[in-house]
1. Going through the stretch 33-55 one residue at a time, which ones are hydroxyl-bearing (Ser, Thr, Tyr) and closer than 16 Å to LEU74 by Cβ?
2. Scan the stretch 162-181 and give yes if some residue there is β-branched (Val, Ile, Thr), closer than 26 Å to GLU23 by Cα and outside any helix (DSSP H, G or I), otherwise no.
3. Within the stretch 78-106, how many residues turn out to be outside any loop (DSSP other than H, G, I, E, B) and open to solvent by less than 50 Å² (accessible area, probe 1.4 Å)?
4. Can you find even one residue in the stretch 7-21 that is surrounded by 16 or more Cβ atoms within 10 Å (Cβ to Cβ), modelled with pLDDT of 95 or more and in contact with a Pro (Cβ under 7 Å, 6 or more places away or on another chain)?
5. Name the single residue, out of those in the stretch 222-238 being in contact (Cβ under 8 Å) with a residue 12 or more places away in the chain and not aliphatic (A, V, I, L, M), that is most open to solvent (accessible area, probe 1.4 Å).
6. Scanning the stretch 18-57 for residues that are among the aliphatic types (A, V, I, L, M) and without any contact (Cβ under 8 Å) to a residue 24 or more places away in the chain, which turns out farthest from VAL216 (Cα to Cα)?
7. Tell me the residue from ILE139, ILE113, ILE117 that is under 20 Å from the mean Cα position of the chain (by Cα), closer than 23 Å to GLU23 by Cα and surrounded by fewer than 20 Cβ atoms within 10 Å (Cβ to Cβ), please.
8. Within the stretch 182-198, restricting attention to residues that are modelled with pLDDT under 95 and not in a helix (DSSP H, G or I), which residue is surrounded by the most Cβ atoms within 10 Å (Cβ to Cβ)?
Amino acid sequence: MPTSTVRRPLAFVTGASNGIGTEVALELANRGYDIIGTGRSDSIDTVAEGLRALGATVYPLRADLGTYDGVENLWKQVHETGRSLDIAVLNAGISIGGAFATDTDLDDELNLIALNINAVVHLAKRVVPDMLARGAGRILITSSISATTPTPYETVYGPSKAFGYSFAESLREELRGTGVTVTALLPGATDSDFHARAGMGQTSIGKGRKNDKRLVAKQGVDALLAGKDHVVGGDRATQRTAFLNRFLPEPVKARRQGANAKP
């Protein structure tokens, strides 16, 4: 529940209970935003306490964004705050590691698609008309550097993030000149439990160097508020990889990624 009657601009952040989502919420709270933060577990309440310590009014909401009803119920709760969204950060997402033919489960992969793709489209369909009617608003969609390369052993994840990147760029162009902007955030490997949750903790990617999630969040928020079309989240090496991915042949990138992601 909110703890203050002071009305600051309002930001909506999905996947705010851990990782980059938590850091984005903290970054926005530090910049004067109240926060609607979502998560699937009670940890969203712990995050909310930290946000309140920064002076933000916080609405911690638990939601399962992997289902149509879960998204609709969440949007109902957002609407019931009686407040307009100045920012929407569509960040919630998961990965699954392993060989597609032998290691991974179809139900898990369909759930990944539901969260990484369906929920983004569904929430955008609710967020955009309200912003468009007011002629103002900013949207940040978390994609991944994986959107710029084939991703063997994350064979469903990478394409889901490629969709998110293309969706963000496409929607941005549709909204050009309306006062509503769309920005894509493409993080590299980041110091969260993301890879461990995906069952990739023992892969080269899982054990390798990680970007600071606070840096990635700051880069994302900076780009969002500047109205940029996209930003690569991470250090110079990550940004260099994203740049080179624009020119390398797909089979070359696939072999490199496969070597790093193979169990």
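The values are calculated or read from the model by the stated rules, or taken from the named source; none is laboratory data. Please read all numbers here as calculations on a predicted model, not as lab measurements. With ideal geometry, Cβ positions are generated from the backbone for all residues, glycine too; neighbour counts draw on all protein chains shown. For the accessible areas, the whole protein counts, side chains as well, though only heavy atoms, and no ligand, DNA or RNA atoms are used. Shrake-Rupley method; radii C 1.70, N 1.55, O 1.52, S 1.80 Å.
1. Just the residues of the stretch 33-55 that are hydroxyl-bearing (Ser, Thr, Tyr), to begin with: 33, 38, 41, 43, 46.
Result: THR38, SER41.
2. Let us first name the residues in the stretch 162-181 that are β-branched (Val, Ile, Thr), namely 178, 180-181.
If we keep only those that are closer than 26 Å to GLU23 by Cα as well, we get 180-181.
The next check asks that each one be outside any helix (DSSP H, G or I); those that pass are 180-181.
The answer is yes, given that some residue of the stretch 162-181 is β-branched (Val, Ile, Thr), closer than 26 Å to GLU23 by Cα and outside any helix (DSSP H, G or I).
3. 5
4. Yes, there is a match, as at least one residue in the stretch 7-21 is surrounded by 16 or more Cβ atoms within 10 Å (Cβ to Cβ), modelled with pLDDT of 95 or more and in contact with a Pro (Cβ under 7 Å, 6 or more places away or on another chain).
5. Top of the filtered list is LYS228.
6. Keep residues of the stretch 18-57 that are among the aliphatic types (A, V, I, L, M), which gives 20, 24-26, 28-29, 35-36, 44, 47-48, 51, 53-54, 56.
Still in the list and also without any contact (Cβ under 8 Å) to a residue 24 or more places away in the chain: 48, 53.
Details: ALA48: 20, ALA53: 22 Å.
My answer is ALA53.
7. Unique residue meeting the criteria: ILE117.
8. Residues of the stretch 182-198 modelled with pLDDT under 95: 188-198.
Next, from what is left, pick out any that are not in a helix (DSSP H, G or I): 188-193, 198.
Details: GLY188: 21, ALA189: 20, THR190: 23, ASP191: 16, SER192: 19, ASP193: 10, ALA198: 20.
Across the stretch 182-198, the extreme among qualifying residues is THR190.
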